[in-house]
Amino acid sequence: MKVAFPNIEAVLFDLDGTLIDSAPDLGAAADQMRVARGLPSLPLETYRPMAGAGARGMLGIAFGISPESPGYDLLREEFFGNYAACMSERTYAFAGVSDLIAEISARGLRWGVVTNKSARFTDPLTRAMPLFATAGAIVSGDTTPHAKPHPEPLFEAARRLGLPPGRCLYVGDDERDVVAGLAAGMGTVAATYGYLGGKADTASWGAHAEINSPLDLLQLLANA
């Protein structure tokens, strides 16, 4: 794989679907709501493709509703309560992520997280996982007035790391991650191994590179 990013001093990552697989807990939170209403449980694989969309995706699978549907806000709050109670029970880092972070640190690079997940979930979840102990910045969807695809969360992460945005690389598994990264003037990498399966046309996102597993990223930083 060609070295695409020779002058990077930090790597920023999206969270769900990029560093961690939170689909089991997200799906469980929504499925609990189905079961409580006498509906049959759905398998995790039914929820997994929409895990990156959070409450909107989970409630869409569980009940076939959208944010415009009557009663959606109440169901969303119930979902949030369920998820808060279980969010670290089944969530784990994708295979290779721990080794990737260790190697990034060993090469003298900084790293951090920029997610659209609310801080009420991001903060306790990252505190509960040793993986994030060395993160230099953790920016949530409500840390700044804007969430991705706006670039402001990425600018905030760069500020916290004390680096110009152009010295940062952003890795994510959703088109909005690439849009935000490009708008921030960062190198962008599309992660195709998370929840996307074969359904997303990642080539159309305009990312500078794609990776099919976490450790593939190291080949793009071979001179760091």
(request) Provide the gained length on full extension for the span Arg120 to Arg107, in nm with one decimal, where the gain is 0.36 nm per separating residue minus the Cα-Cα distance. (result) 1.5 nm
(request) Output the peptides 146-152, 206-212, 166-172 sorted from most to least packed, where packing is the average of other Cβ atoms within 10 Å over each peptide's residues. (result) 166-172, 146-152, 206-212
(message) Once each part is reduced to its C-alpha centroid, what is the distance from region 165-224 to region 61-133 in angstrom?
(response) 18
(request) Starting from the amide H of Leu12, placed 1.01 Å from N in the peptide plane, find each other amide H under 5 Å away whose residue is 5 or more places distant or on another chain. (result) Gly112, Leu169, Tyr170, Val171
(request) Quickly rank 173-185, 94-106 as a protection proxy: mean count of other C-beta atoms within 10 Å, highest first. (result) 173-185, 94-106
(message) Taking amide H atoms as placed 1.01 Å from N in the peptide plane, list the residues 5 or more away in sequence, or in a different chain, whose amide H sits under 5 Å from that of Glu210.
(response) Ala190
(request) Find the relative contact order for the chain and round it to a whole percent, using C-alpha pairs within less than 8 Å whose residues are 6+ positions apart. (result) 28
(request) Using θ = phi - 60° and the Karplus relation 6.51 cos²θ - 1.76 cosθ + 1.60, list the HN-Hα couplings for region 60-66 in order, rounded to whole Hz, with x at every Gly or Pro. (result) x, 5, 5, 10, x, 10, 10
(request) Take peptides 18-27, 111-120, 76-85, 31-40 and line them up by average Cβ neighbours within 10 Å, highest first, as a rough protection proxy. (result) 18-27, 111-120, 76-85, 31-40
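None of the figures in this text is laboratory data; all of them are computed from the coordinates on show. Source: prediction; values computed, not measured. Note that we place each Cβ from the backbone using ideal geometry, even for glycine, and neighbour counts take in every protein chain shown.
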